[in-house]
1. Go through (1) part of a helix (DSSP H, G or I); (2) open to solvent by less than 60 Å² (accessible area, probe 1.4 Å); (3) over 17 Å from Val112 (Cα atoms); (4) in contact (Cβ under 8 Å) with a residue 60 or more places away in the chain and name the single condition Glu305 misses.
2. Restricting attention to the range 101-121, report how many residues are within 20 Å of Ala263 (Cα to Cα) and open to solvent by 10 Å² or more (accessible area, probe 1.4 Å).
3. If you scan the range 282-299, which residues turn out to be under 30 Å from Val32 (Cβ atoms) and open to solvent by less than 10 Å² (accessible area, probe 1.4 Å)?
4. When residues of the range 220-256 are filtered for being outside any helix (DSSP H, G or I) and open to solvent by less than 50 Å² (accessible area, probe 1.4 Å), how many remain?
5. Which residues, counting only those in the range 54-95, are more than 27 Å from Ala336 (Cα to Cα), in a helix (DSSP H, G or I) and in contact with a His (Cβ under 9 Å, 6 or more places away or on another chain)?
6. Identify, by number, the condition in (1) more than 17 Å from the chain's Cα centre (by Cα); (2) under 16 Å from Thr308 (Cβ atoms) that Ile141 doesn't meet.
7. Which of (1) open to solvent by 20 Å² or more (accessible area, probe 1.4 Å); (2) of a type outside the set (Ser, Thr, Tyr); (3) in contact (Cβ under 8 Å) with a residue 60 or more places away in the chain; (4) in a helix (DSSP H, G or I) is the odd one out, the single condition Ala98 does not satisfy?
8. Out of (1) open to solvent by 20 Å² or more (accessible area, probe 1.4 Å); (2) at positive phi; (3) not hydroxyl-bearing (Ser, Thr, Tyr), the odd one out for Gly276 is which?
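The values are calculated or read from the model by the stated rules, or taken from the named source; none is laboratory data. Because the structure is a prediction, the values reported are computed rather than measured. Note: ideal-geometry Cβ built from the backbone for every residue, glycine included; neighbour counts use all protein chains shown. When the accessible area is computed, the model is the full protein with side chains, heavy atoms only, and any ligands, DNA or RNA have been set aside. Shrake-Rupley method; radii C 1.70, N 1.55, O 1.52, S 1.80 Å.
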Amino acid sequence: MHPSDTFILAIESSCDDTAAAVLHNDKVLSNVVANQSIHNEYGGVVPELASRAHQANIVPVIDTALKRANIDKKQLSGIAFTQGPGLMGSLLVGGSFAKSLSLALGVPLVAVNHMQAHILAHFISEDGFDKPEFPFLALTISGGHTQIVKVNSYFDMEIIGETTDDAVGEAFDKSAKILGLPYPGGPLVDKYAQVGNPKAFTFTKPKVPGLDFSFSGLKTAILYFVQKNVAANPNFIDENRDDICASIQHTIVEILMDKIKLAVEQTGIKQVAIGGGVSANSGIRKAMKDAESLYGWKTFIPKFEYTTDNAAMIGIAGYYKYLDGSFEDASVVSKARIEF
């Protein structure tokens with residue numbers, strides 16, 4: 001098959017969403033996601049339930065992705081899958097299916113690092129979205145990761161800053177839980193923040209040297225703040241929910257922007273991209289866009305459907321690895337933790 005006619009089937013199963021996508025070169029033909037609502041009643045993802053749901057969802061999701069792309073599986077050039085990081089049981093479902101399909105079709109198997117894929121999602125061809133030029137800085141923010149990455153090429157990436165404890169997504173979700181909001185709470189904090197006063201309450205930003213982050217102290221400060229005020233006024237949360245959420249979000253956005261500003265100063269690189277589930281947050285997206293006029297940066301904000309876990313980003317990473325001839329055999333193993 002001619003390199004200009006490459007079809008990649010991508011499978012993503014790192015956590016609680018079963019996803020499949022088909023790419024024709026760097027264009028997305030289909031991008032299907034099956035969510036798992038069962039975790040909502042537990043207030044978080046239950047790994048065993050997640051892997052069982054993946055087993056039930058993976059065949060119909062892949063079948064739907066192929067049908068929406070209007071191609072037959074015999075047209076596929078390669079199979080890409082998430083090798084890690086993620087929940088081991090969930091990763092094994094996607095990895096095992098990818099291996100089997102690769103062997104059955106006689107096409108190359110491509111293993112993809114989930115966090116690198118969040119960054120490479122910016123290279124999906126989409127009308128109205130520019131692609132960054134190398135080198136650029138990437139802020140990858142999710143429920144499990146907070147990183148500043150210097151991206152030199154498609155697969156030459158260096159982490160220059162990361163969280164020393166909790167990830168930013170966890171800070172959002174735990175704050176929501178403190179306020180009595182249902183799981184997943186991060187998007188709800190964003191929703192209420194949009195109509196609240198971000199200066200209503202002040203939370204101290206952690207003092208962490210260099211480009212690293214810390215969010216555990218902020219979560220503790222929010223907990224004590226809420227407990228103290230609820231003790232004085234049992235209706236405090238209900239009466240101030242919008243302002244509390246706005247103040248929490250404002251603080252988190254400032255923490256992130258302070259560090260990325262420092263990274264730009266230290267590296268001299270003024271192209272900055274964001275990726276990961278938390279990059280869907282409206283406050284972060286606005287701050288990044290404002291940075292273009294405030295600091296003279298060129299910022300890259302992904303399309304909403306490529307922010308949360310999805311297979312299109314696995315597909316674009318798989319496409320570039322396919323062009324590079326970076327293939328695996330059936331002995332490749334899934335990894336809950338993986339070298340960047």
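1. Going through the list (1) part of a helix (DSSP H, G or I); (2) open to solvent by less than 60 Å² (accessible area, probe 1.4 Å); (3) over 17 Å from Val112 (Cα atoms); (4) in contact (Cβ under 8 Å) with a residue 60 or more places away in the chain, Glu305 breaks only (2).
2. Here the count works out to 1.
3. Listed by number, the residues that qualify are Ile284, Met288, Thr299.
4. Count: 1.
5. Across the range 54-95, the qualifying residue is only Ala69.
6. Evaluating Ile141 over (1) more than 17 Å from the chain's Cα centre (by Cα); (2) under 16 Å from Thr308 (Cβ atoms) leaves (1) as the failure.
7. Single failed check for Ala98: (1).
8. Failing condition for Gly276: (1).
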